[in-house]
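The values are calculated or read from the model by the stated rules, or taken from the named source; none is laboratory data. Owing to the predicted nature of the structure, the values given are computational and were not obtained by experimental measurement. When we count neighbours, we look across all protein chains shown, and the Cβ atoms used for this are built from the backbone with ideal geometry, even at glycine.
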Amino acid sequence: MNTRTTLCTVWLLAASASFGQTFFGSIVGTVADPSASAVPQASITLTNLGTAERRTGLSDNSGNYQFINLVPGQYKVEVEMTGFRRLVRDAITVEAQSAV
């Protein structure tokens, strides 16, 4: 893998949750390189754009990550990994009882 390769793919998967009444939502995704290979241990930072609350995590061995129990609102996801360009996705809308 070329160390100057850009982290160009962060899949934000959409799904509906129907686990009863909840006031929270989730953001889930997969970090992959341009060849669609998983990028494990990428640093993920999630920021609530309304409150500036931040959460951090790492992608797993398959490149997957998740942030659960999020208050509905607008969020920003930042992905960083040594040897790759930083990727930012702004204005991700999280609604109650949903996964984005």
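Worth a mention:
- The set of residues in the stretch 26-37 being under 19 Å from residue 100 (Cα atoms) and either part of a loop (DSSP other than H, G, I, E, B) or among the hydrophobic types (A, V, I, L, M, F, W, C) (or both) consists of 27, 28, 31, 32.
- Residue within the stretch 6-22 that is in a strand (DSSP E or B) and modelled with pLDDT of 95 or more present: no
- For the stretch 48-77, residues that are surrounded by 18 or more Cβ atoms within 10 Å (Cβ to Cβ) and not small (Gly, Ala, Ser) total 5.
- Positions within the stretch 83-100 being free of Cβ contacts under 8 Å to residues at least 60 places away in the same chain and of a type in the set (S, T, N, Q), in sequence order: 93
- Count of residues meeting criterion [part of a strand (DSSP E or B) and either farther than 26 Å from residue 22 by Cα or out of contact with any strand residue (DSSP E or B) (no Cβ under 9 Å at 6 or more places or on another chain) (or both)] in the stretch 39-77: 1
- Restricting attention to the stretch 32-48 and to residues that are out of contact with any Ser or Thr (no Cβ under 8 Å at 6 or more places or on another chain) and of a type in the set (Ser, Thr, Tyr), the residue that is farthest from residue 83 (Cα to Cα) turns out to be 47.
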